[in-house]
Amino acid sequence: MTILSWNCRGLGSSLAVRTLTDEVKARDPLLVFLAETKAGESKLKGVRNKIGYTQGITVPSDGRSGGLALMWREGTDIDFKGCSNSHIDVVVNGGSASTQWRATGFYGNPNAGKRFISWQLLEILKEQSTLPWIVFGDFNEILHPGEKIGGLDRDAKQMEDFRECLSRCGLLDLGFFGQHHTWCNGRFGGQRTKLRLDRMVANEAWTRIFPQARIQHVSLSISDHCLLVLSIKRRLHQKPAKKRFFFEEMWTREDSCREIVESAWDPLRVDPEFKVTDRIKSCQIQLQNWNWNVFRNVHKVLRQKKERLQLLEARDSLHEDAEEIQRVKKEINEVLMREEIMWNQRSRALWIKWGDRNTRFFHATANQRRRKNSIVGLQDANGVRIEDKEGIERIIMDYFTSIYRSDQPASFEDSLSAIANRVSSDMNAELIAEFRAEEVWNALQQMHPTKSPGPDSMSPIFFKNYWDIVENYRVPAHKSM
């Protein structure tokens, strides 16, 4: 499935129509959204017929400004919901999914002083449906200063209002590949300005249906805006990556977790010759087995306990089940707390500004980060884009092999002799001195407990919570390095 979104800056030029026709023929999109068409109903109808997308909704321009169009092929099952000078809203019945989802083409007010009206509109639209939702178009605003190069500084309040609007609507930026910015003023030198004004955002429900959605920024010669191309490709015959072990913060809430760690590090049970890395590996295996037996699937356990609570509450007894009801409620709250901790750890969100500590927020943020970090494709040395797993691995191997391979440089010592020493003898003596357990402990205290784990996959929270167990093995291991 493909969706195209483009601020064409007018369809009066035959080149603009030809460019659009070529892109549609090459990509066969489900939906085509155009902003700033600067055209009336008759002109837009002619464009629809030319590209073969005879069905759609058009919002005529106001003179030589504005104008929107959302188009699709005849036979596509789409329900029109509403439109204005700033949006076109539809519901797609299927597409490449087995369920309904919502699509909104959006154009933010170009007048900064009136842009708050656009955000109000987006929030009104959010309240009209709970369907999976994607919004695409030219928002005429950026999220942060990193989305702009050149020109005067962007108003911080304007960017903050945009971020808060997306947050209130539950919309997450779907990211992109290709060039970073989507608009350029076409000037040169110090007057050149580039911004990321165009984007696609979606709610968590939509990203669950289309986890493989990827957006490309495509430069076109006829407009100062990039074409946005959303593609959803199902990867066939690809082995899933081996799941990496992570120490879960929620495990520390269980006393039995400490027993597992003690067992894995007990010198009476473990070969004294075991290296610290072997002990960590043994601990990981035992924790994984314990996790499966104790926690299993959080959602499954939560559902079972809620069903049990409903059954107990439905009984007529006033006293017999009271204690069990309280116990089950306590267990449900504990499972909910585990779930929140789990997704908080995965989201890497170091702030919790939601009053209800919304687990859906953490879940969506974690999924967004996972999608952002995935490598969909790479460009090889010949400029060809490669997207299959084996090809991506080959490009990575070739690249790092080339930059780390020695070309047998001559006169290496002569080059070093010209570089002044930066480390004095006293500094070197301090650097090579043996460190103490207190130093390691102090360093741990300065680390965030759930940030990126090291090569051993153990985050700082593991060593902080079980320092009294691992201290006697961890420190000697570091000293031997």
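Where a number appears in this text, it was derived from the coordinates with a stated rule and is not lab data. Everything quoted here is computed from the prediction, not taken from an experiment. Cβ placement follows ideal geometry from the backbone for every residue including glycine, while neighbour counts extend to all protein chains displayed.
Of note:
- About its Cα centre, segment 1-120 has a charge dipole of approximately 360 debye under the convention of +1 per Lys or Arg Cβ and -1 per Asp or Glu Cβ, with nothing else charged.
- In terms of packing, defined here as the mean over residues of other Cβ atoms within 10 angstrom, the peptides 428-439, 72-83, 54-65 line up highest first as 54-65, 72-83, 428-439.
- Scoring 182-192, 121-131, 460-470 by mean Cβ neighbours within 10 Å over their residues and listing the highest first yields 460-470, 121-131, 182-192.
- Maximal additional length on extending the ALA420-THR21 stretch stands at 137.4 nm, based on 0.36 nm per residue less the C-alpha distance.
- Ordering GLY40, PHE210, THR99 by the projection of their Cα atoms onto the charge dipole of segment 2-232, which places +1 on the Cβ of Lys and Arg and -1 on the Cβ of Asp and Glu, puts GLY40 at the extreme positive end.
- Stokes-Einstein diffusion coefficient of segment 2-232, Kirkwood radius over Cα pairs, 37 °C, 0.692 mPa s, in µm²/s: 185
- Bridges between two residues of segment 2-232, per DSSP, are antiparallel at a rate of about 80%.
- Efficiency of FRET from Cβ geometry, GLN310 and TYR399, R₀ 41 Å, rounded to 0.05: 0.10
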